[in-house]
1. Ordering M139, M311, M121 by accessible area with a probe of 1.4 Å, largest first, what comes out?
2. What's the carbon and sulfur percent of segment 566-659's accessible surface, probe 1.4 angstrom, rounded to a whole number?
3. In what order, largest first, do T103, T273 sit by accessible area if the probe radius is 1.4 Å?
4. How far apart, in nm, are the 7 Å Cα→Cβ label points at R739 and K251?
5. Residues of the chain: accessible area per residue at 1.4 Å, in Å²?
6. Averaging over every viewing direction, what projected area does the convex hull of the Cα atoms of segment 683-751 cover, in nm²?
7. Any idea what angle helix 504-514 forms with the longest principal axis of the chain, computed on alpha-carbon atoms, 0 to 90 degrees, nearest 10?
8. Tell me, what is the percent relative contact order of segment 630-750, built from C-alpha pairs under 8 Å that lie six or more residues apart?
Amino acid sequence: MKFLPALTLSIALCCPALRAQEAAKARYLDPAVSVDERVEDLLPRLTLEEKLGLIHADSKFSTAGVPRLGIPKMWMSDGPHGVREEISLNSWRPAGRTDDFVTWMPASILLASTWNPELGMAYGGVIADEARMRNKHIMLGPGVNIQRTPLNGRTFEYLGEDPWLASRMAIGTIRGMQAGDVAACVKHFAVNNQEVERGRVNVEVDERTLREIYLPAFEAAVREAGVLSFMGAYNKFRGQHCCHNDYLLNKVLKDEWGFRGLVMSDWGGTHTTDEAVRAGLDLEMGSRGAYDDYKLARSFREGIERGEYPMALLDDKVRRCLRVLFAIKGVDGRPAGSQNTRAHQATARKVAEEGMVLLKNANALLPLDLTKIKRIAVIGDNAVRTQAHGGQSSEIKAFYEITPLAGLLAHVDGRADITHSLGVLAPKYRRLEALTYDVTGAAQTNEEPAPAPESTLNPAELADRAVAAAKEADVVIFVAGLNHERHNDTESSDRLSLELPYGQPELIARITAVNPRTVVVLVAGSPVAMDPWLEKVPAVLQAWYAGMEGGNVLASILFGDINPSGRLPCTFPRKLTDNPAHASGLARHYPGEAGTVHYDEGLLVGYRWNDAKNVEPLFPFGYGLSYTTFDYSGLKIAAGGDAGALATVELEVSNTGARAGAEVVQVYLEPVAPAVPRPVQELKGFAKVLLQPGEKRTVRIPLGARAFSYYSVERKAWVADAGEYRINVGHSSRELKVRGAFKLTTAVETR
Ligand code: GLC
């Protein structure tokens, strides 16, 4: 009988002496044994029911363990920006806890704007510490989907438009998390680049574009970061749902990349038993109905009992889930976690400091000199709006959130008068209001909040009041942008335009007409249009959603304590039709026609489009100003280098200004007369260096074979053709300071 071992074991475990002896013998419980050996020792001890219990949810965010064998439930939590508030076991209602106020980290797009993978490590480490504190085994992030359209509601949750930058930042975050005994879950695999019709839209993209643009960050997560889990995307790819997509999950992820961890579905992303069983899904989460109604529950069991599915299919899924649990010491007991420590908050602050991007600073209006300012008019809904508790699954119940106004008040500290005017009327669903820290839990009602009272505020009056305040001030700080309301930066909906909402452009124009000393701060998670007000505004700072310390960091940058060093991880287009997904205006290209969206722009995503079509961006990929200046010299390009590099780019970077600052040296590769169509240039290396005034530093950036390669669909390989390559080194994709050339004498093919 196939289940004899389990039967023997269960008899043994009834008698304490035998149980102790049995447990002592059980290799799967010995942390000194390899993960694979532990899995192989445990697997035959499991009954069919126990195996199935490991591969589908038994609550909103957990799977059943096997108590009799000492296997705990596996707990998951959102999300990329911190450990989400506790959700009820079997519904989306908050659990109403008071111990789940946590560190709210800056949004992923701000992390990408730091261009600092080491900060990604630190970021992941904070999340791991706080996840262990809350007994979470898998954190559902990072999100690495490429920014194809700036309208994607989840742009703020991802790492920008470029595969190389997204890969480096993803690797850092994953390594940081998993070093903390918490499994990362890279998502959403794959081509999940819009929220419109996300649950059913079918994406058609050519194989080379898939490989060169949309998969690299996922591939790097496996090959370079050893990510332990994947989350399938809601959408379809080439007609099959991504949560059970044979090509993506079995052929590419598991066979070609050798991924041995688990693939979970997105919540509710599982549609049929047969595909769930055969097309690469290992763990079904969030489906509708009772847990035994899940596709990988009763219907799978019945299929096995009918002999339709070999036990090997189930065992492979179980192995993958157990590997993750053992790999993070989930059975052995992990180091204690920590929550809301000053160290975590300091990391949140450091990331924000390095990720805000100074976009304009005419006549060096910034940094502001407080000794010459008596009155500051702060304007905007985003000056006082809390953002943590919004955006849906990436929402965080922040232990605290320093709003821009709070940060400015604290920094100015009475040395100047500060007024605040809302200026605009931005709707706010009470659910999104900050849940202030309240140990009594009074704020944690589960009752649906009463609808917000009809606003007594009249938009015209608000605007007039703001203009009047601006007129009286020495300087105006207009905190504009977006928020996490529907059709802003949020899951489940895309933005409807590139424009700033709520009449902000018009108000900015009125404000600058009465006070030209106006700084616009953009609190937003995706690019916004700035014409025509930009020309009238001397200074613009892209603050993104900057986490719980955001207001303090904003003040530190505006008043010069911190020198901004962020660089854009995405192109800011002048108008929406400058973006490749919208250039044609055809539904076929966005948001899809007859249920299918076609990525006809192919490789020309982001700056690749601007370069190929000669479209001047509002602000280019990689752009960002500093309060100091830098110079590049002594470019050398040598063959070979560390870790099998084909070439090494070396140059001197100098800080030619009067204050310390960090520069992001960016290396773009430009094939000369390539044998196949290729983007004009592509980012293939970067380095961030902090330099004191007058300091000069040698920077070396290796270029591996992949840096020179395109993906050959015919040869199913990465091909670096022999030939000439220009090496463009710059401060952004459009500010190339020094150029060199490199001749690859022998073609290189890699897989
Ligand atoms: C959501 C999201 C996913 C999240 C999951 C659990 O729908 O797409 O990113 O991790 O459900 O909340």
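The values are calculated or read from the model by the stated rules, or taken from the named source; none is laboratory data. Remember, predicted model here, so these are calculated numbers, not experimental data. Quick reminder, even Gly has a Cβ in these numbers, built from the backbone with ideal geometry, and neighbours come from all protein chains shown. All accessible areas refer to the heavy atoms of the entire protein, side chains included, with ligands and DNA or RNA removed. Shrake-Rupley method; radii C 1.70, N 1.55, O 1.52, S 1.80 Å.
1. Highest to lowest solvent-accessible surface, that is M121, M311, M139.
2. The value for segment 566-659 is 51 percent carbon and sulfur by accessible area.
3. T273, T103
4. 4.0
5. Per residue, the chain has an accessible area of 36 Å².
6. Its average projected convex-hull area is 6.0 nm².
7. It is inclined by approximately 30 degrees.
8. After rounding, I find 27 percent.
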